[in-house]
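All remarks here apply to the structure that follows.
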Amino acid sequence: MGTGAFPLPPELLYQVLLELAHLLPPRTAELARVCLVCREFHDVTAPLLYRHLHAHSPSAHTHLASTLTSHPHLAPHVRTLHITRGSLTTYTSLLSLLAPPYNHLTSLTIDAFPLPPAPPQHALAASVHLHSFRKDEGIVPALLALRELRELRYTMAGLAHAEIGKMVLEGGARVARLELTLEDGRCPFNAYLRVLQAEGEGRSGVRWIRLRQPAGAGKVPLGVVRLLEGLLVREWPGVRLVELVGGEGAAEAVWRRAPGEGSALEKVGEEESRARTVEEWGEEVAF
């Protein structure tokens with residue numbers, strides 16, 4: 001028998017509440033109310049509330065950073081994180097709070113943060129802001145420190161954001177699922193290509209790539225589709241499933257690769273076949 005107000009050992013109570021958390025959507029009010037029942041429930045339930053985090057405003061970013069700083073024991077429980085509407089500094093700070101020794105984050109969704117202005121004397125850098133990002137400081141090493149990260153969803157507003165994705169892959173990130181979204185119609189198609197031109201070990205573990213168009217966007221030009229296909233065939237031998245998703249949410253192109261060494265990346269025809277392939281193969285290659 002456990003001690004205190006509740007007659008269950010904390011370990012058993014944790015397993016019961018963990019099952020409850022799996023039955024409910026992340027961070028539900030129901031689970032939060034369980035946390036208020038008594039001290040024993042609070043101590044066991046609080047970590048469960050931090051397994052799946054969403055921070056969609058500057059005030060939410062500040063609150064989350066403050067909580068993780070004052071209660072570092074919660075950081076190892078975070079498994080998924082979705083952060084939007086923040087600055088480069090904010091994102092970097094939040095990710096640093098989840099780095100070793102609290103390194104258990106497996107899924108990260110991050111939107112396109114505002115870019116710092118480029119020095120006017122660098123005309124080329126001013127056009128794409130690539131000078132603003134380095135492999136050894138800022139958000140790139142913060143992302144690379146997340147050694148258990150297996151799923152990265154990333155919105156790009158331009159080539160500088162794409163450059164960050166490329167640096168992360170070249171730095172050795174071992175993500176299994178990579179999702180790249182263009183923020184709006186002003187972001188060029190070659191932002192996809194920039195990330196997919198990454199070299200090195202980081203791309204070897206990627207099994208599923210999803211490339212998303214902004215909502216309301218037209219069809220992807222055939223020339224872009226062919227460029228993507230050529231790059232994927234040549235440079236991504238380990239990828240099993242690739243989706244090119246249009247602005248209406250339907251897959252405009254899907255490629256798949258059967259298991260086995262030397263298998264070719266094949267393009268799937270017909271909209272119905274593409275949807276079925278994503279459903280069936282997505283389950284197979286999920287991490």
**Request:** Taking only region 158-205 into account, find how many residues are in contact with a helix residue (DSSP H, G or I) (Cβ under 7 Å, 6 or more places away or on another chain) and acidic (D, E).
**Result:** 3
**Message:** Considering only residues that are touching an Asp or Glu at 6+ places or on another chain (Cβ under 9 Å) and part of a helix (DSSP H, G or I), which ones fall in region 167-177?
**Reply:** L169, E170
**Message:** Please return the ranges of helices (runs of 4 or more DSSP H) entirely within region 7-99 where 1 or more residues are out of contact with any strand residue (DSSP E or B) (no Cβ under 8 Å at 6 or more places or on another chain) and at pLDDT 85 or above.
**Reply:** 58-70, 88-97
**Qualifying strands (runs of 3 or more DSSP E) (wholly inside region 178-287; at least 3 residues being open to solvent by less than 30 Å² (accessible area, probe 1.4 Å) and more than 30 Å from P141 (Cβ to Cβ))** = 251-257
**Request:** Taking only region 165-177 into account, find how many residues are open to solvent by 30 Å² or more (accessible area, probe 1.4 Å) and among the small types (G, A, S).
**Result:** 1
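The values are calculated or read from the model by the stated rules, or taken from the named source; none is laboratory data. Small disclaimer: the values here were computed from a predicted structure and weren't measured. Methodologically, a virtual Cβ is constructed for each residue, glycine included, from the backbone with ideal geometry; neighbour enumeration extends over all protein chains shown. SASA here: full protein model, heavy atoms, side chains in, ligands and nucleic acids out. Shrake-Rupley method; radii C 1.70, N 1.55, O 1.52, S 1.80 Å.
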